[in-house]
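Right, one structure below, let's go through it.
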Amino acid sequence: MSDTDALREVARRLRAATRVMALTGAGISAESGVPTFRGPDGLWRNFRATDLATPGAFARDPALVWEWYRWRRSRIRDARPNPGHLVLARFERRWPALTLATQNVDGLHTQAGSRRLLELHGNIWRARCAARCGRTVIQDVDGAAAPGTAPDAGVPLCACGGWMRPDIVWFGEALDDGILSRTLDEAAASDALLVVGTSSVVYPAAALPGLARQHGAMIVEVNVEDTPLTGAADFVLRGPAGEVLPALEALL
Ligand code: OAD
């Protein structure tokens, strides 16, 4: 099937769908200038993201981990949603029950206007107490001074005296129970799942297409290259999300 035929067929089936879900990864934000994790920009100094986004790295050197997140925030502070984010936000008007599960922590889906959003891996602009005392959550880590140390001076401290940490789900950590169970329920109930800009290697997000498919959903992958999902997807729309999603929307 040619790319154009695949796009037409996906649009035809989406028109008949009532429960649509989308799962996004770093690739949807690439055209907004946000580096992907496994792409060439994924390195900071000589560290890989996968070596710093861990509870062990934070326990060993919290200042280093904060410095890395400060750098990441500075790289994306001026990023704005691209046409891919905007199409997914508009899809909520067409399918009011649409759920968007994202592995991204950049906040661009919210900026684009998505409301039924499940942030599986947290949010880079938020911080919380590492000791989970529940007393302090910072919504805008660069905007508001933390109760203890200023955010730009090493490791912010919670009112309880413990360290604050970025409100991110790190490797080896469990996803928030409530968010995960809503995500799994939505995947099982969906008629169609759009999997956009993810390498489909990080679980449990990578298990969602399999779950949705078991329950009868059509799986559509939007990506610039092959992933472990490609062979199992019903349709593959090859190309940048910021071009493919507007082209799909135009056919709906
Ligand atoms: P990755 O960096 O692993 O994968 C990005 C995917 O986007 C790749 O498959 C690219 O081919 C694709 N891509 C790049 N540009 C694109 C574009 N313009 N349009 C469409 N696709 C494009 O990022 P994730 O899959 O999001 O976890 O990574 C999953 C998780 O691993 C992240 O949430 C993060 C990471 O380490 C944590 O931090 C816990």
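The values are calculated or read from the model by the stated rules, or taken from the named source; none is laboratory data. All of these numbers come straight from a predicted model, not from anything done at the bench. Note that we place each Cβ from the backbone using ideal geometry, even for glycine, and neighbour counts take in every protein chain shown.
Taking segment 22-80 as the region of interest, the helices (runs of 4 or more DSSP H) fully inside it that hold 1 or more residues being over 25 Å from residue 174 (Cβ atoms) are 27-30, 62-76.
How many residues are part of a helix (DSSP H, G or I) and either of a type in the set (Ser, Thr, Tyr) or within 16 Å of residue 195 (Cα to Cα) (or both) if we restrict to segment 100-128? Walk me through it before giving the result.
Residues of segment 100-128 that are part of a helix (DSSP H, G or I), as a first pass: 108-112.
Going one step further and asking which of them are either of a type in the set (Ser, Thr, Tyr) or within 16 Å of residue 195 (Cα to Cα) (or both), we end up with 109-110.
Of the residues in that region, 2 qualify.
Any residue at all in segment 148-170 that's closer than 21 Å to residue 60 by Cα, polar (S, T, N, Q) and either at pLDDT below 85 or within 16 Å of the ligand (Cβ to nearest atom) (or both)? Yes, because at least one residue in segment 148-170 is closer than 21 Å to residue 60 by Cα, polar (S, T, N, Q) and either at pLDDT below 85 or within 16 Å of the ligand (Cβ to nearest atom) (or both).
Screening residue 89 with (1) closer than 29 Å to residue 213 by Cβ; (2) in contact (Cβ under 8 Å) with a residue 60 or more places away in the chain gives one miss only, at (2). In the condition set (1) free of Cβ contacts under 8 Å to residues at least 40 places away in the same chain; (2) assigned by TED's automatic domain parsing to the domain that holds residue 59, residue 184 is compliant with all but (2).
The residues on offer are 95, 71, and the sole one that is among the aromatic types (Phe, Trp, Tyr) and assigned by TED's automatic domain parsing to the domain that holds residue 247 is 95.
Inspect segment 181-190 for any residue being within 16 Å of the ligand (Cβ to nearest atom) and not in a loop (DSSP other than H, G, I, E, B) and give the result as yes or no. There is at least one residue in segment 181-190 that is within 16 Å of the ligand (Cβ to nearest atom) and not in a loop (DSSP other than H, G, I, E, B).
Quick check, is residue 190 on the phi > 0 side of the Ramachandran plot, of a type in the set (Gly, Ala, Ser) and surrounded by 16 or more Cβ atoms within 10 Å (Cβ to Cβ)?
On the way: on the phi > 0 side of the Ramachandran plot: no; of a type in the set (Gly, Ala, Ser): yes; surrounded by 16 or more Cβ atoms within 10 Å (Cβ to Cβ): yes.
Taking the combined requirement at face value, the residue does not satisfy it.
In this structure, does residue 116 turn out to be in contact with a helix residue (DSSP H, G or I) (Cβ under 9 Å, 6 or more places away or on another chain), in the same structural domain as residue 252 (by TED's automatic domain parsing) and over 22 Å from residue 205 (Cβ atoms)? Outline the logic, then answer.
Details: in contact with a helix residue (DSSP H, G or I) (Cβ under 9 Å, 6 or more places away or on another chain): yes; in the same structural domain as residue 252 (by TED's automatic domain parsing): yes; over 22 Å from residue 205 (Cβ atoms): no.
So residue 116 fails the test.
Among the candidates 248, 208, the residue that is in contact (Cβ under 8 Å) with a residue 40 or more places away in the chain, under 27 Å from residue 53 (Cα atoms), outside any loop (DSSP other than H, G, I, E, B) and away from the ligand (no atom under 11 Å from the Cβ) is uniquely 208. Every residue in segment 212-223 that is surrounded by 18 or more Cβ atoms within 10 Å (Cβ to Cβ) and assigned to a helix (DSSP H, G or I), please. Scanning segment 212-223 gives a single hit, 212.
Condition check for residue 131 on (1) in a loop (DSSP other than H, G, I, E, B); (2) crowded, with 17+ Cβ neighbours inside 10 Å; (3) among the hydrophobic types (A, V, I, L, M, F, W, C): one failure, at (2).
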